[in-house]
Amino acid sequence: MESLGMIHLPRTPAVLALALLTAAACSRRGSCRDEYCGSLVIAATRSATTLLPPLSEAAVERDIFDQIFLRLADFTVGGSTIGDSGFVPQLARSWEWNDPLTLTFHLDPRAHWQDGPPVTAADVQFTFESYTDTAVAAGDLTALAHIASVTATDSLTAVFKFRHSYPEAFFDATFHLRILPAHLLRDVPRGEWRTAAFGRAPIGDGPYRFLRWTPGESVELTADSTFYLGRPHLQRLIWRFASDVNVAITQLVAGEADAIEVLVGPANIGRAQAAAHLKLYPYPGVTYTFLRFNLRANGDSLRPNPLFADAAVRRALVMATDRERMLQSATAGHAKVPPGPMPQQWSWLWVPELAPPPYDTTQAAGLLTARGWRDSNRDGIRDRAGRRLSFHVAVPTSPLRRQYARLLQEQLRAVGVELVIDEMDDPAMAERLSAGTFDAALESWQTDPTPTSGVPQIWSKGGGANYGGYANPAFDRAVATAANAQTLSAARAAWVAAFTTLAQDAPAIMLYALDNVAAVDSRVTDVQLRPDSWMALVRNWRIPPDRLNERDRVGH
């Protein structure tokens, strides 16, 4: 493996401190006790670009920095995002509400940065100011808009002031902020954070220390024996980057890797099931996939789309697709057809009042005919006033989404609609979406534990990722009602109203919400997975002494 020096990072104080920490870790590694030995190699299907939390855009980066940086309080498995009962102390030893707009956290005095200094309330204040600085352009910026300020009243007391009272205030104050070391980042211009050396060699306060990064190949962490909440049982965590999911699963089946987050597709699940050394762990999925219609003209946001501005046409296309049959064909049942923009993680929203739109080609054809779309020249594709009922769909490199594109193409042609598939890599797809230069797009979104932040971002007027330009005041009012609901049942009722409106407007075809099935080597025990971050609890995983292999005992 490439050493830290071969990455040619600037010799900042942070990097120099890291070199000393790494040397110390190396000296300890050779003498680890059996109960604290073990290496876990994670097969990742995407490379990391930065480990600085506000800038992260990839799940693999989250998995890594979850082990390096802590929150004030941690979300629990199955916990509610309303109020604070679904959280346990992490950097904060305790907290209290002084009034409906004031939340005070008291830090655990044992918490310290991996280069020595204690974690202080000044770090908490610095973190909030950094996340909300437009120069940083944090992905969580919108979710933090309800917080007016964070101040440090003494070294262990941080006070949050909210602009208004709302049910998920505690969630926003904790889930979206991984506390950063002010003493290492304060002098780095925030506009330069994306390329800062710290993002490639971070120093945190979590259970694992950064050890090395081999660009394009792997990232390695080592357990921090001084972690104040207890030394992790696994000594090493290694993320090995594969070129695609098939390569990653081949490594897993061959015993070259020990774990993978999600087995996509029935063939890959079957391969893992057939490997005697692997154990499968189903858990609620956090993504949903849909075909989005661009309601604005391709490349011109000031004009309506000649096809998709018509809600009747959109509803017809939804009814013309047999989503259940596609799901069985492509995933062998390892997914569900969502009744709205929701993953399986939001199980409390999968209620009888919400159901996917019916599959009805007769009604779909009738709607299209009523809107003037007929096959006048008998070529199999409907037309109107000389225009064919044809559109392009942008499809990324995902094998599953490419398969879905072909299934959609086949099903829509049966009702006289031509779908042209434009395959492209992920950067090209992102550019198309941002510029609005697409007719339709096959998208997947990974979600938070709550719909409050993600749904308006993607579907409300003004949402930063509302690439199709969908807007309905009734939908936005229902979303706002849900966000301010004081109980889970009231929130559920408001979300049902919002998603019912969305389904009637049909700005997209909701295709599937995947089951998550992870695979982990069977020598690893005490495995517990959390939907929002599958490895969040990896410090509690262990490999019993009688199951250690040579890789588990090796030093570096």
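How far, in nm, would the chain grow between Lys161 and Ala332 when pulled straight, counting 0.36 nm per residue and subtracting the alpha carbon separation?
Details: separation 171, 0.36 × 171 = 61.56 nm, distance 4.89 nm.
Value of the extension gain: 56.7 nm.
From the mean inverse distance of alpha carbon pairs (Kirkwood) and the Cα radius of gyration, derive Rg over Rh for the range 101-142. Don't skip to the end; give the middle numbers.
Values: Rg = 12.7 Å, Rh = 12.1 Å.
Reported Rg/Rh, Kirkwood definition of Rh: 1.06.
Taking the radius of gyration and the Kirkwood hydrodynamic radius from Cα positions alone, what is the Rg/Rh ratio for the range 485-556, to two decimal places? Could you put the intermediate results ahead of the total?
On the way: Rg = 21.4 Å, Rh = 16.9 Å.
With Rh from the inverse mean 1/r over Cα pairs, Rg/Rh is 1.26.
Given the -39500 (n - 2.57) contribution per DSSP H run of 4+ residues, what per-residue ellipticity at 222 nm results for the chain, rounded to the nearest 500 deg cm²/dmol?
Working: 16 runs with 159 residues, N = 556.
That calculation yields -8500 deg cm²/dmol at 222 nm.
Any idea of Trp495's accessible area? Nearest 10 Å², probe 1.4 Å.
Accessible area of Trp495: about 0 Å².
Note the angle between two axes, namely the Cα long axis of helix 426-435 and the longest principal axis of the Cα atoms of the chain, as a number of degrees from 0 to 90, rounded to the nearest 10.
In the chain, helix 426-435 runs at an angle near 60 degrees to the longest axis.
Radius of gyration and Dmax for the range 205-287's Cα atoms, expressed in Å?
Just the Cα atoms of the range 205-287 yield Rg and Dmax of 15.1, 43 Å.
Relative to the compact globular guide of 2.2 N^0.38 Å, what is the alpha carbon radius of gyration of the range 44-86, as a ratio?
Details: Rg = 12.8 Å, N = 43, 2.2 N^0.38 = 9.2 Å.
Against the compact-globule rule of thumb, the ratio is 1.39.
For the range 333-427, what size does the Cα cloud have along each of its three principal axes, sorted from largest down, in whole Å?
Result, largest extent first: 48, 37, 21 Å.
Rolling a 1.4 angstrom probe over the protein heavy atoms, how many square angstrom per residue are accessible across the range 160-254?
Values: 2960 Å² over 95 residues.
That works out to 31 Å² per residue.
Got a number for carbon plus sulfur as a percent of the chain's accessible area, 1.4 Å probe?
On the way: 11330 of 21850 Å².
Within the chain, the accessible surface is 52 percent carbon and sulfur.
Assuming 1.002 mPa s and 20 °C, estimate D for the range 55-201 with Stokes-Einstein, Rh taken as the Kirkwood radius over Cα pairs, in µm²/s. It would help to have the intermediate numbers written out before the result.
Numbers: Rh = 15.7 Å.
In µm²/s, the coefficient rounds to 137.
Identify all lysines with a Cα-Cα distance to Lys336 below 28 Å; exclude those on the same chain that are fewer than 8 residues away in sequence.
Within the straight-line cut-off, Lys336 pairs with Lys279, Lys461.
What's the long-distance tail for the chain, i.e. % of Cα pairs beyond 33 Å? Walk me through the intermediate numbers first.
On the way: 71195 of 154290 pairs.
So the pairs more than 33 Å apart make up 46 percent of the total in the chain.
Let me know the charge dipole size of the range 382-540 about its Cα centre in debye, to the nearest 20, where only the beta-carbon of Lys, Arg (+1) and Asp, Glu (-1) is charged. Before the final figure, lay out each step's value.
On the way: 15 positive and 17 negative charges, 78 e Å.
For the range 382-540, the charge dipole is close to 380 debye.
The values are calculated or read from the model by the stated rules, or taken from the named source; none is laboratory data. All of these numbers come straight from a predicted model, not from anything done at the bench. Neighbour counts are summed over all protein chains in view; Cβ atoms, including those assigned to glycine, are modelled from backbone coordinates with ideal geometry. The protein model used for the area step is the full one, side chains on, heavy atoms only, and it has no ligands, DNA or RNA in it. Shrake-Rupley method; radii C 1.70, N 1.55, O 1.52, S 1.80 Å.
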